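Engineer: Below is one structure. I have some questions about it.
The values are calculated or read from the model by the stated rules, or taken from the named source; none is laboratory data. Remember, it's a predicted structure, so these values are computed and weren't measured experimentally. Cβ: placed from backbone, ideal geometry, glycine included. Neighbour counts: every protein chain shown. Ligands, DNA and RNA are excluded from the accessible area calculation, which covers all protein heavy atoms including side chains. Shrake-Rupley method; radii C 1.70, N 1.55, O 1.52, S 1.80 Å.
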Amino acid sequence: MKNYKIAIADPSPIILTGMSFIIKELADYDVVLKTTDVQTLAVRLHVVNPDILIVNPTMIDYSKRMMVRHLFGDLPNMKAIALVSSFFDAQQLKQYHGVIEITDDAHRIRSALNLVMAAASGKEEDPDSAQLSDREKEVLVCMAKGNKNSEIAEELSISVHTVITHRKNIVRKTGIKSVAALTVYAILNNLIDEKDII
């Protein structure tokens, strides 16, 4: 499966670092450029040729904000997603292929990226594709508790191979690679209580 290249541009180093960290945890996406500087963005964008540009609309000259797609006309396959950290005119946001808000969690960010890339490829995102099965939820809970594959297999009366398959499906569906981030996902989705984690 292809890993999509992402460029991120935001004037805030904190937002830039946080967004980059979240995306690095998502399966199928690689951050190839991050910058707080418009000039760096203009020069490096053509070098890295990303599939997606996540950009804070405030970085684009006010007089050109209604022409975002035309600004990057020489990169016709690149999709632009607005990274919104404050109020922004909805009319201006319509020109972007998608919108990510500063308050979005990893799951919403992944969904926004997937929707943009699915639309670009002409496929519709299956709304059930990100839903974990009951067994996958059980495996995720065991993972969050710190159990090894063999321990999970024994507890759920399944083979280690089946556990590994479920783990791959969990990563694919959630877009989250690390066990720590998956543990947070499990807590946020009320699959496990914080006090149950070792």
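Engineer: Can you tell me the length gained on complete extension of the stretch Asn189 to Val48, counting 0.36 nm per residue apart and subtracting the Cα distance?
Structural biologist: Numbers: separation 141, 0.36 × 141 = 50.76 nm, distance 3.57 nm.
So the chain would gain 47.2 nm between Asn189 and Val48.
Engineer: I want the local charge near Glu136. Using Cβ-Cβ distances under 9 Å, sum +1 for each Lys or Arg and -1 for each Asp or Glu among the other residues.
Structural biologist: Values: positive: Arg135, Lys137, Arg167, Lys173; negative: Asp134, Glu138.
Residues close to Glu136 contribute a combined charge of +2.
Engineer: Now, a different point. Heavy atoms only, 1.4 Å probe, whole protein assembly: order Arg135, Arg108 by accessible area, highest first. Mind showing how you got there, number by number?
Structural biologist: On the way: Arg135 85, Arg108 150 Å².
In descending accessible area the options line up as Arg108, Arg135.
Engineer: Please state the relative contact order of the chain as a whole percent: Cα pairs under 8 Å, 6+ residues apart?
Structural biologist: Numbers: 258 pairs, mean separation 35.5, N = 198.
Rounded, it is 18 percent for the chain.
Engineer: So if we plug the beta-carbon distance of Glu155 and Ser12 into 1/(1 + (r/R0)^6) with R0 = 41 Å, what FRET efficiency do we get, rounded to 0.05? Kindly include the intermediate steps, with their values, before the conclusion.
Structural biologist: On the way: r = 44 Å, r/R0 = 1.07.
So the FRET efficiency works out to roughly 0.40.
Engineer: When only DSSP loop residues count, what chymotrypsin sites (Phe, Trp or Tyr not before Pro) in region 4-61 have their Cβ near at most 13 other Cβ atoms within 10 Å?
Structural biologist: Values: sites: Tyr4, Phe21, Tyr29; in loops: none.
When the chymotrypsin sites (Phe, Trp or Tyr not before Pro) of region 4-61 are filtered for loop state and at most 13 Cβ neighbours within 10 Å, nothing remains.
Engineer: Using the membrane-span-like helix rule (whole DSSP H runs, Cα extent along the own axis of at least 20 Å, mean Kyte-Doolittle hydropathy at least -1.0), which helices of the chain qualify? Intermediate values should be presented prior to the final figure.
Structural biologist: Values: long enough: 106-121 (22 Å, 0.62); 160-174 (21 Å, -0.48).
In the chain, the long hydrophobic H runs are 106-121, 160-174.
Engineer: Can you show me the helix-derived [θ] at 222 nm for the chain, built from DSSP H runs with n ≥ 4 at -39,500 (n - 2.57) apiece and divided by the number of residues, rounded to the nearest 500. Please report the intermediate quantities before stating the final value.
Structural biologist: Values: 9 runs with 91 residues, N = 198.
Counting only the DSSP helices, I get -13500 deg cm²/dmol.
Engineer: Using only the Cα atoms of region 140-198, build the gyration tensor, take square roots of its eigenvalues as a ≥ b ≥ c, and label the shape rounded, prolate or oblate: rounded if a/c is under 1.5, else prolate if a/b is larger than b/c, else oblate.
Structural biologist: oblate
Engineer: Here's a follow-up. Between beta-carbons, use under 10 Å as the cut-off and find the net charge around Asn169, counting Lys and Arg +1, Asp and Glu -1. Show your work: numbers first, answer last.
Structural biologist: Details: positive: Arg135, Arg167, Lys168, Arg172, Lys173; negative: Glu136.
That works out to +4.
Engineer: Quick one: ranking Ser86, Ser20, Ser133 by accessible area, 1.4 Å probe, largest first, what do you get? Numbers along the way, then the final one.
Structural biologist: Working: Ser86 70, Ser20 0, Ser133 45 Å².
From most exposed to least exposed: Ser86, Ser133, Ser20.
Engineer: Roll a 1.4 Å probe over the protein heavy atoms and report the accessible area of Lys168 in Å², nearest 10.
Structural biologist: It works out to around 140 Å².
Engineer: A further question on this structure: Give Lys5/Lys145; Lys94/Lys137; Lys94/Lys177; Lys34/Lys177 a once-over and call out the pairs whose C-alpha atoms are over 27 Å from each other. Could the numbers behind the result be given before it?
Structural biologist: Working: Lys5/Lys145 33 Å; Lys94/Lys137 36 Å; Lys94/Lys177 31 Å; Lys34/Lys177 21 Å.
Listed pairs above 27 Å: Lys5/Lys145; Lys94/Lys137; Lys94/Lys177.
Engineer: Sort Glu25, Glu154 from largest to smallest accessible area, using a 1.4 Å probe on the heavy atoms of the protein chains.
Structural biologist: Working: Glu25 40, Glu154 150 Å².
Order by accessible area, largest first: Glu154, Glu25.
Engineer: Given a 1.4 angstrom probe, what's the average accessible area per residue across the chain, in square angstrom? Show your work: numbers first, answer last.
Structural biologist: On the way: 10980 Å² over 198 residues.
Result: 55 Å² of accessible area for each residue.
Engineer: Report, to the nearest whole %, how much of the accessible area of the chain belongs to carbon and sulfur atoms, 1.4 Å probe, protein only. It would help to have the intermediate numbers written out before the result.
Structural biologist: Values: 5850 of 10980 Å².
Here carbon and sulfur together make up 53 percent of the probe-accessible area.
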